[in-house]
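Okay, structure first, notes after.
The values are calculated or read from the model by the stated rules, or taken from the named source; none is laboratory data. It should be emphasised that the depicted structure is a prediction, and the values quoted were computed from it without experimental measurement. Cβ placement follows ideal geometry from the backbone for every residue including glycine, while neighbour counts extend to all protein chains displayed. Each accessible area value is taken on the protein alone, full model and side chains, heavy atoms only, with ligands, DNA and RNA left out. Shrake-Rupley method; radii C 1.70, N 1.55, O 1.52, S 1.80 Å.
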Amino acid sequence: MSKNIMIVDDSATMLMSLRSSLEMSGFKVEAANDGVQAINKLQGGYKPDLIITDINMPNMGGLELIGKARALPGMRFTPILALTTESQQAKRDEAKRNGATGWLVKPINATDLLGVIKQVLPGV
Amino acid sequence: MNALLQQFLQESREALESIGSTLLAMEREPGDHSRLGELFRLVHTLKGNSGLFDFPALTAVLHAAEDVMDAVRNDALGFSQPLADQLLDAADYVSAFLDAVESQGTPGADFQVPPRKLVEGLRSWLATPALEGANSGVALVSTQNSRLPVDLPSAVRDLLIDAINAERTAFLLDYQPAADCFFQGTDPLHQVRQLPDVLWRRIRPLEAWLPAAEIDAYACNLRFEILLLASEESLAEHFRYVADQATWWPITLASLQSVDESVDTASGSDLAGFEPLALDILSTQYQALSACSQEPWPSGQHVAIVTTLERVLASQDDVTAMAAFQDCREQSNRQNDAKPLLSWLSGAMEKAIADDTPSTGPVTTPVQGELGGRPIACQALALGVAPDQADTITPRRADETASQAPAKVLKVEQEKIDRLMNLIGEIVVAKNGLPYLAERAEEQYGQRELAREIKAQYAVVNRIAEDLQDAIMQVRMMPVSFILQRFPRLVRDITRKLDKKVNLILEGEDTEADKAMIEALADPLVHIVRNSLDHGLEAPAERLAAGKPETGTLRIRASQNADHVVISIEDDGRGIDPQKIKVKVAAKGLVEPAALEAMSDQELVNLVFLPGFSTAEQVSDLSGRGVGMDVVRSGIEKVGGHLRLASQVGQGTQLSLSLPLSMAVTQVMVIESGGQRFGIPMDQVMETVRLPDNAIHTIKHQPTAQLRGRTIPLKGLNQLLAVPLEQVRNEDDEYALMVLRSRSELVGLLIDDFYGSIDIILKPMVGILGELSGYSGTAVMGDGSILMILNPTELFA
Amino acid sequence: MSLIFKGNVAHLVDQVTVEDAETLLEWLTQQPVGKVNLKKLEHLHAANLQVLMATCPKVTAWPANPDTRAWLDAALQQS
């Protein structure tokens, strides 16, 4: 059974890049443009096995999304990865405090991405 | 070009537009910090995306810009006009870079190397070097005895010895997941199962298990001890998300042999006997303190460090150390200097390490270098001293706060839409063949029933075709903001050059019109705005002298009016003086003096549209360029639009452009003249009448007719097209007359006969035919014949 | 289903998720003689592992997967 991954980023380029990497590895991908859209999907009953979210986004950023997603019933234990850049150490720490499992550093190549996913997602 | 690159280009251009407009907005309101976050986010996203491609020059520029914006956002750097200029330069560079990539697929030779001047210019804003590196050189690591389990099976021991002899590195790992780690999506067991080459493992509870009824399944109480062969880098990588929960020690042959040695901690040092974690924290605090020792005492960071030190010392139950620490703190407070505290901490740390080293025991002395089982400190570098960073989530724009979920948007290349459009056009044309077929079925083959069925079928196809047309029109609709968003930058640049002060107001940017219309608007609009800035709006001194505010106002407003989109451009400048126009036109001999004298002020103002007219004394490099308002007007009229000009001397000028929402489908009236059929755009047809021969009166060689109390000049189409035939009259000796509106004047066009109106897809004429004036294009009819579409305005000119 | 109860034996099959841990704990506390069959277990979330460690049920069959077995041995087979 292929795992569901939700990707959240306000950059369509980033979404496209992530989607193609993930789909090539056999994941089912759902994309959202910001935190609000992501939360709406989650509240609508969509239950991904993993969430990968950008930090800086309009409407609702990644940090807030992580906190809000964790509070949803089915999302208590779901792995969440924050997409950060090299310089965002403080954001990573904050993401972790908000409940993120880990982070990815942009730009990400497909191999690294799959490596990290394998690490946080059992049964891949 | 691959899809990802295309997407990148498109998104980057959008980001650039936003960056440009945000920068300008910030220049207008320098105190408004709400936009900083947005600006940073835009630059940041661009930079992140550029990293997906091999564009080192682009990334270098964006990286520098991002660092500058970060500094501005964190108040480390003030926002100023020179800085805005620099950032706009960077935006221009990025734009040129994207152009190169778009046209050639790669950046090309000009964009291989980062533009040194630009990058350095940006970086120069960040004059003070960052504090990073201050920690280097201070390598304080607490030492740790080998923790190899005593009860290691001998088989594992042998494996270890073999591996180490084969130059593999072995580590003992101690992973104690946080109690709440499950709620961060971590599965510690999965985590350790991913480790390579595990030789031995043990999983124990961190604290004794509670009775079953009191257990919390989701409070992690596990401790993993693992012996494995791995590189230190891979371990650090593997546990990077839980760096504070995992520790590892390298295993050497010597430490394997010394497993049985009992370990004592030397005493006598200030910090001897401290837990390794405490030593680590102290060492981190030492580094942090030395980094900020120059700051005036006590800074926020100093206070944080002192608090941390105090807590750590208190936790270690060492009265002597605590007392020494408190003494030094008092001293630092008295001297307002971090030095006393710093020197105590450094002395105590060094002593602790010196004391600790021999404790690894005599057996290990020969290989001391690789001994001492150095624990790899994973604690974050500055525990407790990282200043809380303000959240950078972009402030919402008021118009974005509407909580409804945004519509899904699919971005499609224009060529695809155009193709669809053409295909739909063909359907429209093809379906027009059905009535002919029905006619033939009935008249040629006497199949009345079949003809009726074909007609019924036609009605269905017709409806679908209309819906299709409507749908594709909707797809092609785009907001006027697409062209309006370039104006803030344009206005800023021009006014700077002219030393004028102008406040640009944009309204109704979300008004939509067909893409082709929007594009047709772009050039004329730029020209109009340039004109207004150049000739309309006065310099500040002149404005003040005229009793007006120093800063002029230029307002561009878009709105929708039935099936037209109206763009009005208004300024509060000096206006157009009809008398000056009159003098100039007379001097240039563009209009006969007698006609000029008879003109109203409004008519005089409209003369600016005359070819060869230019209001400015000299053609400036801004609005000049040899293009006059006549070109603007014909550009607008070419796509079926109208242009209206009004002006009050000393008060300002208003120009309004009215364009059809869509130009894809045109309704024309089919007429016949000189044995040929033509189409005339319906929106110019005021009415069609039958005119008796005797109703035509010739005034000054000009045939006219009285219609509803107005005298209308008459022209014969044959005559206009140089066809040597009389217009045909019907049995009752009546002419077929069409009253047309041409530039707000009514003209009567005499033809041979009218037919019905039809919808056509207008195809502009190309090649030699394109130069023919009097025609706006052609259309293919249902029977395959070509219909020439007339352009009455040009015809009457 | 990754967690199947047959009589007094809980079968842990394939992937036992973190959500299952509460069910497993509840079942094991209510069934003092409850046993677990791990034959077809591929992986269990650490929360389940600590439930097994804390409640020490009798294991009727160990995992066929050697790696899974090694980790469970390390947690449960201690003197």
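Side notes on the structure shown:
- Selection from region A:18-36 of residues that are over 11 Å from A:Lys3 (Cα atoms) and among the small types (Gly, Ala, Ser): A:Ser20, A:Ser21, A:Ala31, A:Ala32, A:Gly35
- Whenever a residue of region B:439-465 is closer than 25 Å to B:Ile424 by Cβ and assigned to a helix (DSSP H, G or I), its partners that are of a type outside the set (S, T, N, Q) and open to solvent by 80 Å² or more (accessible area, probe 1.4 Å), lying with C-beta atoms within less than 9 angstrom and at least six residues away or across chains, give the pairs B:Ile454/B:Leu437; B:Tyr458/B:Leu437.
- Candidates C:Gln50, C:Gln31, C:Gln77 - the one that is within 7 Å of chain B (Cβ to nearest Cβ) and either open to solvent by less than 10 Å² (accessible area, probe 1.4 Å) or more than 18 Å from B:Gln194 (Cβ to Cβ) (or both): C:Gln50
- Picking from residues in region B:179-220 that are in a loop (DSSP other than H, G, I, E, B) and open to solvent by less than 30 Å² (accessible area, probe 1.4 Å), the one that is farthest from the other protein chains (Cβ to nearest Cβ) is B:Leu195.
- Of the strands (runs of 3 or more DSSP E) that lie entirely inside region B:681-797, those containing 2 or more residues that are open to solvent by 70 Å² or more (accessible area, probe 1.4 Å) span B:685-692, B:696-699, B:710-716.
- In this entry, B:Glu27 is excluded by the filter for residues that are assigned to a helix (DSSP H, G or I), within 9 Å of another protein chain (Cβ to nearest Cβ) and open to solvent by 20 Å² or more (accessible area, probe 1.4 Å).
- If you go through region B:52-78 and keep only what is assigned to a loop (DSSP other than H, G, I, E, B) and more than 12 Å from B:Phe40 (Cα to Cα), you end up with B:Leu52, B:Phe53, B:Asp54, B:Phe55, B:Asp75, B:Ala76, B:Leu77, B:Gly78.
- Filtered by the rule that a residue be among the aliphatic types (A, V, I, L, M) and at the interface with another protein chain (Cβ under 10 Å from one of its Cβ atoms), region B:228-242 gives a lone residue, B:Val242.
- Members of region B:243-254 that are of a type in the set (A, V, I, L, M, F, W, C) and more than 14 Å from chain A (Cβ to nearest Cβ): B:Trp248, B:Trp249, B:Ile251, B:Leu253, B:Ala254
- Answer residue from region A:36-56, given it is at the interface with chain B (Cβ under 7 Å from one of its Cβ atoms) and assigned to a helix (DSSP H, G or I) and is most open to solvent (accessible area, probe 1.4 Å) among those: A:Asn40
Conditions tested, residue by residue: (1) touching a residue at least 60 places away in the same chain (Cβ under 8 Å); (2) among the aliphatic types (A, V, I, L, M).
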position: B:Asn694; (1), (2): no, no
position: B:Ala705; (1), (2): no, yes
position: B:Lys715; (1), (2): yes, no
position: B:Asp732; (1), (2): no, no
position: B:Met738; (1), (2): yes, yes
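- Those residues of region B:152-196 which are farther than 19 Å from C:His43 by Cβ and among the acidic types (Asp, Glu), in sequence order: B:Asp158, B:Asp162, B:Glu167, B:Asp174, B:Asp180
- Qualifying positions in region A:64-98 - modelled with pLDDT of 90 or more, more than 19 Å from B:Asp187 (Cα to Cα) and within 7 Å of chain B (Cβ to nearest Cβ): A:Glu64
- Subset of region A:86-124 (residues that are touching a Gly at 6+ places or on another chain (Cβ under 6 Å) and among the hydroxyl-bearing types (Ser, Thr, Tyr)): A:Thr101
- Restricting region C:1-18 to residues that are closer than 25 Å to A:Pro79 by Cβ and open to solvent by 70 Å² or more (accessible area, probe 1.4 Å), the residue that is nearest to the other protein chains (Cβ to nearest Cβ): C:Asp14
- Residue selected from region B:631-643 under the condition touching a helix residue (DSSP H, G or I) at 6+ places or on another chain (Cβ under 6 Å) and open to solvent by less than 40 Å² (accessible area, probe 1.4 Å), by the criterion nearest to B:Asp534 (Cα to Cα): B:Val632
- So B:Gly652, is it on the phi > 0 side of the Ramachandran plot and either open to solvent by less than 30 Å² (accessible area, probe 1.4 Å) or hydrophobic (A, V, I, L, M, F, W, C) (or both): yes
- Residue within region A:25-35 that is of a type in the set (Val, Ile, Thr), within 13 Å of chain B (Cβ to nearest Cβ) and open to solvent by less than 60 Å² (accessible area, probe 1.4 Å) present: no
- Test: residue in region B:238-261 that is open to solvent by 40 Å² or more (accessible area, probe 1.4 Å), modelled with pLDDT under 85 and of a type in the set (Gly, Ala, Ser): no
- Here the condition is being open to solvent by less than 50 Å² (accessible area, probe 1.4 Å), hydrophobic (A, V, I, L, M, F, W, C), in a helix (DSSP H, G or I) and under 30 Å from B:Ser568 (Cβ atoms); of B:Ile494, B:Ile424, it holds for B:Ile494 alone.
- Put simply, of B:Leu279, B:Leu235, B:Leu227 the only residue that is at pLDDT 65 or above, over 30 Å from B:Leu309 (Cβ atoms) and assigned by TED's automatic domain parsing to the domain that holds B:Thr308 is B:Leu227.
- Taking the criterion of being open to solvent by 40 Å² or more (accessible area, probe 1.4 Å), more than 9 Å from every other protein chain (Cβ to nearest Cβ) and not hydroxyl-bearing (Ser, Thr, Tyr), the residues of region A:99-114 that qualify are A:Val105, A:Asn109, A:Ala110, A:Asp112, A:Leu114.
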